Structure formats: C-alpha cells, structure tokens
Amino acid sequence: MAGLELRAIRKDYGPVAVLKGVDLSIADGEFVVFVGPSGCGKSTLLRVIAGLETVTGGAVTIDGQDVTRVPASDRGLAMVFQSYALYPHMSVYDNMAFALENMGVAKPEIDARVRRAAAMLRLTDYLARKPGALSGGQRQRVAIGRAIVRDPKIFLFDEPLSNLDAELRVATRKELAALHAEIGGTMIYVTHDQVEAMTLADRIVVLNGGRIEQVGRPLDLYNEPANLFVAGFIGSPRMNLLPAGVDAVGALTLAGRALAGVTPGAQLAGEAVTLGVRPEHVGLCAAPEADATVAVDLVEQLGGETFLYASGQADLKLTIRLDGQVGVGRGDILPVRFDRARLHVFDAAGRARPLGLAPRSPA
Amino acid sequence: MTANHRNAGTTRPAAHRNRQHRSPEPMTSPAPSAAPVRARFAPFERLGLALVRLFDPPMRAVQRLVGVGRMPYVFLLPNALFFGVFVFLPIGINIVFSVTGGTALFPSQRPYVGGQQYAYLLDCGSYLEPATCREDHFWRGVANTLKFTIFQMIAMVLFSLAAALVLNRPIRGRGFFRAVFFFPVLLSPVVVALIWKWILQRDGLLNAVLTTAGGEKILFFVDPGWAMFWSVFVSVWAHMGFYTLILLAGLQAIPRDIYEAAEMDGTRPWRTLVRITLPLLWPNLLVVLVLVLIRSVQVFDEVFVLTGGGPGTATMMIVQYIYTTAFANQVQNFGLAAAASVLLGLVLFGLTLLQLYFTRRKAA
Amino acid sequence: MTGIARLFTARRGVGRLHWTDWVSYAFLAVAVVLMFGPVLWLVLSSFKTPAALLEFPPTLAPVAQKEVRVEGYPQPLPLFSVPMEDGTVRQLAQVRRVGIIAQMVDPASPAATVRVPVDKRTPVREVAFAFENYIEPLAKFDFLRFLGNSLFVTVVATLITLVINSMAAYALSVYEFKGKSLAMLGVIGTLMIPITIILVPVYLVVTEMGLVNSLWAVILPGAATPTGVFLLRQYMLTIPRDLIEAARMDKASEWRIYARIVMPLSLPALAVLAIFSIMWRWNDFLWPLAVLTKSEVHTLQIALNAFQGELQTQWHYLLAMTVVTLAPVAIVFAFLQRFITTGIANTGMK
C-alpha cells in the first residue's frame, strides 16, 4: 500500500499535447477516480502512472521514490484493463498465478493466494477454465483477481466496467466498493461514467483537455463545482446553465430582470455571467414569487420523480426535477423559483464566483 | 535453403485482414474431448516450459544489463546474425569473387582481374548465336533458360487459370479436386523428376502406350526438342497447383453479386469470363505471372535430375551452368560462376521489384 | 460408390447440367488421371521384381512369373501353361531351353520331360510384391542413414528457424525502436536474394567455418528465413497490445512475454511456418548437392540423385527409394491438406 505523487506531468505525441502539466497527490489507501469526457487524457494519465507510457516532462513518485524512469514491470502496480487482457491460452488459475510466478513466489504460496482470491471473487469453480469459456462478469472478476493476488502497491482500473451490460455494471460496482472496504488498497480508477465516479470515489479528479479541472470529494464537486466544466459534467440531468448578467449595483439579472437577493458583487458589474441551478433546485411557486415563467415542452414521469423540460422567454431552457408524481402536462405555463441557497454563478472565464446572498427568507 | 522460400512472394494483405477477425480470445468453450489430446502433448508442453525457465535467468540478466528499451535488439540478434553471415556477407564476397581470378577459394589468395570475368562471359560474336561466344555454355544456358521461361510461363498461366476457373465453379468435391492439383507441389523436385523419368524412359509407360496405339517408340531424352518439352511439362505438372491456389483465392474474392448482376443482364458465360472475371482477376494474374517468371529463371532441380542438362547442352539452364562451373567441373572456376550469378542476381532483382510493385498495386 | 457416381454427374446447384459443366468435369477427370496417375504408377512399379520391370509393354500390377520346386531339380523352375495336342492346357515347369524348344516337366510327375516349342508356352503369373526392393537398399546401400540425415536436417533446421524467426518477428511486431524500418528493409531485401545467386560465397563461408561435409552446413545457411519472419510478424501484430501490457504489469520479463504470451498465441502461424520449413528442408536439393560431397552425409534427395547415376539406374531400388522419400510428404499432406492449402492461399508463399 502506498501513496502517489504526480508533479507537472506532461505528455506529448509529436505536436499534440495530451497531458499539459498535471499535479496530484494521492494518499495511501485512497480510492481516487479520474473522470472526464473521452480524449481528456485520463487513460493516458493512468498509463503514465502504470509505466506503460513515458512522460515528456514531470515526475511520478510512489512512496517517496521517483519511479519516472522505472519500467512498468518494476513499479509493483497492478492494472485491470478495459478489455480485461486475460491471457486467452491460460486457465483462470494460471492467469492469476502468472504474475506470482514472474515474481518467483514459491508454489504453495502461489496456490494459497490464488485460492484465497478466487474464493473472495466466487471463482473457485472456474479455476480450470479458459477465459473464453467465461461470461463477461466472470472475466471481469478474473481480471480483478489477477490484480488482487499480487498484493500490489496501487490498483489501477482502466474503465473496467464499460464492457458489461447495465445490470451487471451496477452489481460489479457494488462489489468493487465492498472490495475496497475489505482490502483497503490505494486504488486509481478511470471512467467516463459519473455515476461510477460518484459512488466509488473517496476523491474525484475531473480532467478536461489534459488538465485537472477540479479535485475533491464527490459531494463537494456536486455542491461546489469550481468551474463551468465541472458544473456541467457532474450531475445528471445536467445543471441548468442560464445566460445572465450583472447590473450596475452588482445584482444578478436573468432575461433582463433582476433576481431578487442574488448579488455576485459590483466587481462583476456589466459582465455576462452564467447562472447555474440544478434541476432539483428549481421549484414550482405562486406567480408573484416567480423568478421566471416557463411553458412545459416535455414531461417524463418516472414514478418516484418527475422531470419537466420547459422553456421561457429569451431562449430560456430549464430542466426541473420534482419529487413524486406531478399532474402537469405539455403546454402548461408554470411560474418557477430557484432555491437561493443553491445557486452558482460563473464568470466569463467559467470560474465559480461567490454569491452574496440576502438572508434566506422563510419560503 | 532453397530458392523457393527465399524468393517467395510477399504476404498478401487480404490474408492478414482475415486473420484479424480471428479473435485470439476464443468465445467457445474448449470441447471436453480436447482433454486427452492435451494430455498427449503434455510432455512437449512440459519440455517447452522447462526450456523457457532455463533461458529465463540469463535473459532476465540481459534485460537488466541493457534495459527494456534495448531488448528488441537482443531478440533481433540471432536472426540478424544468420542474415549477416549467410546472406549479406556472401553478397559482398560474391562481388569480390567476380572481379578476381584463379582457382583459390579464399578471396585474399585470388588475384584481382577487374572486369575480366564479365568480359569473358559477355564476349560473343553474335548474342543471338551461343556458338559464337567464348563461353558458349553460359550463353547456351541463357538461351535455354529463356526458351524454358517463355514456354513455361504461357503453359503455367493457361493451365492454372483453367484449373482455377473450373474449381471456382459450383462443382461437387471441390476440396478433393483442389488437393489433386495441389499435392505435386509438396513433392521434392528429385522425386518429381524420377517419377517422370520412369514414365518417359525408352521402355517406359508412355512408349508402351504409343506402341500399343501403333506408333513408334520415341527416345524422349535423346531428342533436344522433346527433352525441352518434357522439362517444361514436368515443371508445370509439379507447380501449377500452387498458382491455381493463388488464382482461386483471387477468384473467390470477386463478389458473388457481380456475377448475379451479370446473370440478370443475360450475359453469356464466355462474355462473363472475358468482360468480368478476367479484368477483376488481372491484378492476381500479374502477380502470378511475375512469380512464375522469377521461379523459372532460377529453374534447376527438376530439369537437372530429369535430363541432366542433356542431350548435350540442350536443357542446361543458367543455374546449372553456375553450379557446374563452381563445383562439378574438374577446375572449379569460382570467379566465372560468381560473375554469372551476379548477372543473374541483377535480373532477379529487377523482377522482384516488379513483383513488389504489382503486389502493392493489387493491395491498393 | 453411388456417391462417386453422383460426384461426376450432378452439379451442386439445381437444374440440369449445362455443357460447361460437362467440360469442367471432363477437365477434372483428365486432371485426376494426369496428376495421380504418375505417382500411382511409381508406387505400383516400385513393388515389381527387376524381371517384371524389364517387361515391355509393362503390366499394370506388380506380377511375377510363378516358380515351383520340382523333385530332382535343385533350383525352383519357372511355370508355364502349355496347350497340349489333345486340346487341354497343362501347367508345366521349364527345365531348360535349347534354341526354340523348351524341355518341360509336369511338377506332378517329374520323371517324364516334354518338349515344347518356345512360342507355344505362356508364363504363369501371380501377383507378387517385391518387398526386397525396399529392404535391400535400406540395409545394403545405407539408405537408412540417408533417411536419418534427412530427418536430422529437417527437424533441427525447422526448430532453429522457428525459434530465431519468431524472436525477430516478436521484436519487429511488439516494440518501437530505432532502426526498426532498417531491419524491416533488411528482411525484405533478403527476400530478393535466392541461394542460387550466392551459392559460391556461402560455400566459402561454410568452408571457413569448417562445416563442409557436415549436416550443419545444410542446416545453418537457410535457418533465418525472411518469409518466416514476415509471416510471424503479420500474425503477431494482431495480438492485442493490452495482453503484452498486462504481462508487463504482471512483472513478466520481456523474455517471458515472448515465451509465455506471444509464442502460445502465435501457434497457428508457427504451425504454418513449421510445415513450410519441413517441406523446404525435406525437399532441398541444390545447396546440399553443392556442399555435401561425401556419401555418408548425403540426404535422401542427394542420395536418390546419386543413386540413379552411379548404379546405371537399378530402377527397382531407385523406384522403391523414391517412394520412401515421397511417403512422409504424402502422409503429412493427407492429414493436413486443408490446413496447408488455406495457409498457402492466405499467405501466397510456398
């Protein structure tokens, strides 16, 4: 078990910069998830940590030891590949034992470790089989088992659930969380699926365009996104991002109307800003209290919750999440109000700005 | 080390595309019956694993010594050594041989003679008449090889094309017939030549058939014309299966629906062949043509065993001339043989470039 | 049998036979006779006694004249059937022949001799396989040793080829390194240099290594085949890179990745190369002819060739030994026919 330190990691493929200076430190025993859209560099970053890619600049330190120039096989890390990369010509047992044989572990010790991991992953009955004769979920577990037997310093996961169907993905996600709780190793996990990120991570690293956008605990990212990208990326359905302005006294204006009690401050006066509000923080209200009036375009009734997709004047598009079942239909005109305590304002550069809020009025 | 595999065609890209479909991770479970077979191979497997383990510590040490980044050179080394010692070095020596004289084998003991060997080879009264040349055997060989090549190329392409066209039809037992054409390819040239020598000899099967039909016995290996005819025939017999296979693969790559469209248009079979099949097969045909050319320029084995180059020098080919000059004659004239092989090499080099060009154009 | 009949009378599709079908089947029928016939004739002939081989016109089956032992004569006597004057036909043994008259005895009553004109009698034949055609050369003329030499060359050379070619192919498919394209160029370049061109200098190299008249002189020069490197490399390129990286993560050394991951996964391509190599080596002629001059190191092919010159062609031995040389190839082909033909069709090499 070990901690990891990345300093100013750069990676260029010819003229294309894939990683543009990444700094990150990961504590011992932490479960960290790299998340971001495809092409953001998250897989490259993982492969840099693994030692499968050389860096153009920067340093990788594991347990205080600089391993930037150490080849993958000597770093003592284990990796679960997206394709699982099981050796098709070896049995499940041999797949798990291969690394231990490479390390020169004694035969009885290998056997004990493989059987322990197999029992943990419910693979005992399949040890003699070849990967080709296993289901997708079983192959997935073999890939994890191959990592576990190693007792590695750090576990690396490269989108390990993306080849599973939806149901299995949920089940395996839970198993992974339980596994981390049980063996407690340092784990770095790459995914493009924010549900996996939110449910598994101790900390999430949001990557975009080869840079870290924000690092933090899942709910911190959700509640306090540091910038427009994170705000839009975390949360489903997406946060409503509405074009807004700031008037001369520093109050927020939406579609030309001042939003009572929201004052980003005079230093932003006259600037175009973006107002962020999550769908669940938009509520129905009486007409006089309304921040906006919208017409319903589409209603999605999920039983436990209801999503409304609505539009108002000046190209205002809103997604609204309401608890339970709501008797609203297409074309209905609704006055809505934003939860003052849960608003986000981003400046023209996309950075989150603190909101000067008037004391919350009892609704 | 035969001429065959050194000069074999480049691999066909289509094949590799096919291979990529074959997932290395088999989706089907191994059949239970595979277990006993596996058990039979177990000793070999164990031997192999033992060998792997034996080489592991030294190779690990090498890896530590040179680093992972230089390991590819380590893996390349044995093959490169062999290539260097037995191919690249000899090319250099060959050129040295060809510009030196005498009978010594070791280059340093051979006096430099410049272009004399080449001049001697190329000294001719008339290039169309081998007898007027100083080294008339060489030119006899060139003339024979040329004659052989032309006849063989025409016959080979015609017969293998016909066979491929027939095999591409919806006939029963295609696999069997394909094997019929193909199996002589695997026979050694010596065996092939002896089989036919036995049939063609004075009291052989063919003469028996001829006399039964009321004809006269023919001494096939005494008549220069017949000897050349049978050299070509036997060579076509032995190798046409290979070219048939390549052409058949080309034919099967032509999409079926093109033929169906032609059938809907009411195209007659002959027209389909001339206007659709042959134009689409043309790239393959070109490759085959050049391959046959490269092989027949180097022809030696079958003809040498079948006729011994005779009668006289009627079927002596260039390669036989080189072999005889260097090894079989009383006086081993390495310089002359080397000069002749450099000339042959230049021709082959040109032909191989042509082949690579056609292969690449086909792939494009 | 009906299956074979149907084979020649029906086409796979529906409907009646078109004239082109008739032409096709006629072509194939001629091809079967022309392709199989000579080999069949060779095999049949190889079982004939020297006397039967001299017959003209030859008989199809290996037959020999029947001989009988007759009381009072130390040698077995040849048996003839002779039409008698009373119209019956009797089988008589010939004691001796004087001019156009043969003295014959009835094996049942050896006391009385009968005089028969030579042109009246016809020999009595029986099918007889002359196995001694096989046994004698193997014992007397060292053919067993030639067979052993050929086997040794084939097996050892194929093993070396497989190992060094696969190592080179592994380097050229899995790694990126400086000089990779140069190495590829070298492989393609050697593709263009047949042994026929460098016969003399390779002979010098082999001589300098002190290998003349050693089987290693045949084995080593052709061990690194450019075709083999090519074939294996193309196949290895299709192995997912993930597997190799997974092995690196599993702390495997590069040697173990080669030996335990890439080699087992390349088995189909290795098998194809092995079969090709076996074929090349078993049938190799020109180079062994140049470099093996002592008869104790001859391979089968060279021995066969030498045999036909040196013994004024003792056909009965020569034919039998030709069959011995041909048999392994034929057996391999019978079992792996489909594998070999698809291998060749896919790679375009031989």
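The values are calculated or read from the model by the stated rules, or taken from the named source; none is laboratory data. None of these values were measured; they are calculated from a predicted model. Positions of Cβ are backbone-derived with ideal geometry, glycine not excepted, and every protein chain shown enters the neighbour counts.
Counting just the residues of the range C:159-173 that are β-branched (Val, Ile, Thr) and closer than 13 Å to residue B:83 by Cβ, which one comes out nearest to the other protein chains (Cβ to nearest Cβ)?
The qualifying residue nearest to the other protein chains (Cβ to nearest Cβ) is C:164.
Can you pull out every residue in the range C:62-83 that is out of contact with any strand residue (DSSP E or B) (no Cβ under 6 Å at 6 or more places or on another chain) and part of a loop (DSSP other than H, G, I, E, B)?
C:62, C:69, C:73, C:74, C:75
Report yes if residue A:294 is within 19 Å of residue A:321 (Cβ to Cβ), part of a strand (DSSP E or B) and outside the structural domain of residue A:29 (by TED's automatic domain parsing), otherwise no.
Spelling it out, residue A:294 is indeed within 19 Å of residue A:321 (Cβ to Cβ), part of a strand (DSSP E or B) and outside the structural domain of residue A:29 (by TED's automatic domain parsing).
So, in the range A:48-97, how many residues would count as being at the interface with chain C (Cβ under 7 Å from one of its Cβ atoms) and under 17 Å from residue B:67 (Cα atoms)?
3
Residue C:271 versus (1) closer than 30 Å to residue C:62 by Cβ; (2) aliphatic (A, V, I, L, M); (3) in contact (Cβ under 8 Å) with a residue 40 or more places away in the chain: which is the lone unmet condition?
The number of the failed condition is (1).
Does any residue in the range C:248-262 that is more than 7 Å from every other protein chain (Cβ to nearest Cβ) come within less than 8 Å, Cβ to Cβ, of a residue that is part of a loop (DSSP other than H, G, I, E, B) and of a type outside the set (Ser, Thr, Tyr) six or more places away or on a different chain, and which pairs are these?
C:262/C:239
Kindly evaluate residue C:222 against the criterion of being assigned to a loop (DSSP other than H, G, I, E, B) and on the phi > 0 side of the Ramachandran plot.
Spelling it out, it is not the case that residue C:222 is assigned to a loop (DSSP other than H, G, I, E, B) and on the phi > 0 side of the Ramachandran plot.
Please work out which residue is modelled with the highest pLDDT, limiting yourself to the range C:289-320 and to residues that are in contact with a Pro (Cβ under 6 Å, 6 or more places away or on another chain) and more than 9 Å from chain B (Cβ to nearest Cβ).
Looking at the filtered set, the residue picked out is C:299.
State which residue pairs qualify: first residue under 23 Å from residue A:243 (Cα atoms) and inside the range A:318-345, second residue of a type in the set (Lys, Arg) and at pLDDT 90 or above in any location, beta carbons under 7 Å apart, and separation of 6 or more residues or different chains.
Close Cβ pairs satisfying both conditions: A:342/A:278.
Just one of (1) crowded, with 18+ Cβ neighbours inside 10 Å; (2) modelled with pLDDT under 85 trips up residue B:300, so point out which.
Checking residue B:300 against (1) crowded, with 18+ Cβ neighbours inside 10 Å; (2) modelled with pLDDT under 85, the one that fails is (2).
Sort out which residues of the range A:24-42 are in a strand (DSSP E or B) and either under 12 Å from the mean Cα position of the chain (by Cα) or not hydroxyl-bearing (Ser, Thr, Tyr) (or both), and write them in order of number.
Answer for the range A:24-42, where residues must be in a strand (DSSP E or B) and either under 12 Å from the mean Cα position of the chain (by Cα) or not hydroxyl-bearing (Ser, Thr, Tyr) (or both): A:24, A:26, A:31, A:32, A:33, A:34, A:35.
Check whether at least one residue in the range B:122-136 is touching a helix residue (DSSP H, G or I) at 6+ places or on another chain (Cβ under 7 Å), more than 30 Å from residue C:210 (Cβ to Cβ) and assigned to a helix (DSSP H, G or I), and report yes or no.
yes
Inspect all residues belonging to the range B:155-168 and state whether any of them is assigned by TED's automatic domain parsing to the domain that holds residue B:231 and not in a helix (DSSP H, G or I).
yes
Would you mind stating whether residue C:227 is outside any helix (DSSP H, G or I) and of a type in the set (S, T, N, Q)?
So residue C:227 does not fit the description; no.
Could you grab me the full set of residues in the range A:262-291 that are touching a helix residue (DSSP H, G or I) at 6+ places or on another chain (Cβ under 6 Å) and more than 14 Å from residue A:346 (Cα to Cα)?
A:281
Kindly provide the set of residues from the range C:203-216 that are more than 7 Å from every other protein chain (Cβ to nearest Cβ), surrounded by fewer than 24 Cβ atoms within 10 Å (Cβ to Cβ) and in a helix (DSSP H, G or I), ordered by number.
Passing the criteria: C:208, C:215, C:216.
Might you check whether a residue that is modelled with pLDDT of 90 or more and of a type in the set (Val, Ile, Thr) occurs anywhere in the range C:133-154?
Yes, some residue in the range C:133-154 is modelled with pLDDT of 90 or more and of a type in the set (Val, Ile, Thr).
Do the conditions hold for residue B:292, that is, is it part of a helix (DSSP H, G or I), within 13 Å of chain C (Cβ to nearest Cβ), in contact (Cβ under 8 Å) with a residue 12 or more places away in the chain and β-branched (Val, Ile, Thr)?
Considered against the rule, which asks whether it is part of a helix (DSSP H, G or I), within 13 Å of chain C (Cβ to nearest Cβ), in contact (Cβ under 8 Å) with a residue 12 or more places away in the chain and β-branched (Val, Ile, Thr), residue B:292 comes out as yes.
Using the structure shown, decide if residue A:199 is hydroxyl-bearing (Ser, Thr, Tyr) and in contact with a Leu (Cβ under 7 Å, 6 or more places away or on another chain).
Considered against the rule, which asks whether it is hydroxyl-bearing (Ser, Thr, Tyr) and in contact with a Leu (Cβ under 7 Å, 6 or more places away or on another chain), residue A:199 comes out as no.
So which of B:320, B:330 is polar (S, T, N, Q) and not in a helix (DSSP H, G or I)?
None of the other options fit; the residue is B:330.
Quick test of your reading of the structure: residue A:320 fulfils all but one of (1) farther than 22 Å from residue A:272 by Cβ; (2) modelled with pLDDT under 90; (3) under 26 Å from the mean Cα position of the chain (by Cα); (4) not polar (S, T, N, Q). Name the failing condition by number.
Of (1) farther than 22 Å from residue A:272 by Cβ; (2) modelled with pLDDT under 90; (3) under 26 Å from the mean Cα position of the chain (by Cα); (4) not polar (S, T, N, Q), only one is false for residue A:320: (2).
Identify all residues within the range B:199-224 that are part of a loop (DSSP other than H, G, I, E, B) and of a type outside the set (Asp, Glu); write none if there are none.
Answer for the range B:199-224, where residues must be part of a loop (DSSP other than H, G, I, E, B) and of a type outside the set (Asp, Glu): B:201, B:202, B:204, B:213, B:214, B:215, B:217, B:218, B:219, B:220, B:221, B:222.
Look at residue B:240 and say whether it is in a helix (DSSP H, G or I), modelled with pLDDT of 85 or more, within 21 Å of residue B:306 (Cβ to Cβ) and within 13 Å of chain C (Cβ to nearest Cβ).
Considered against the rule, which asks whether it is in a helix (DSSP H, G or I), modelled with pLDDT of 85 or more, within 21 Å of residue B:306 (Cβ to Cβ) and within 13 Å of chain C (Cβ to nearest Cβ), residue B:240 comes out as yes.
Suppose we filter C:91, C:65 for residues that are closer than 30 Å to residue B:217 by Cα, touching a Phe, Trp or Tyr at 6+ places or on another chain (Cβ under 9 Å) and surrounded by 13 or more Cβ atoms within 10 Å (Cβ to Cβ); which single one remains?
The match here is C:65.
Looking at residue C:244, is it at pLDDT 90 or above, under 16 Å from residue A:87 (Cβ atoms) and more than 7 Å from chain B (Cβ to nearest Cβ)?
yes
Suppose the filter is within 30 Å of residue A:104 (Cα to Cα) and part of a helix (DSSP H, G or I); does residue C:252 pass it?
no
Which numbered condition in (1) of a type in the set (Gly, Ala, Ser); (2) more than 30 Å from residue B:268 (Cα to Cα); (3) within 37 Å of the chain's Cα centre (by Cα); (4) surrounded by 19 or more Cβ atoms within 10 Å (Cβ to Cβ) is the only one that residue C:102 fails?
Residue C:102 satisfies every listed condition except (3).
Just name the residue that is farthest from the other protein chains (Cβ to nearest Cβ) out of those in the range C:22-54 that are touching a residue at least 24 places away in the same chain (Cβ under 8 Å) and β-branched (Val, Ile, Thr).
Looking at the filtered set, the residue picked out is C:49.
Looking for something within 26 Å of residue B:312 (Cβ to Cβ), touching a residue at least 12 places away in the same chain (Cβ under 8 Å), touching a Pro at 6+ places or on another chain (Cβ under 6 Å) and among the aromatic types (Phe, Trp, Tyr) - is there at least one such residue anywhere in the range B:213-228?
The answer is no; no qualifying residue exists.
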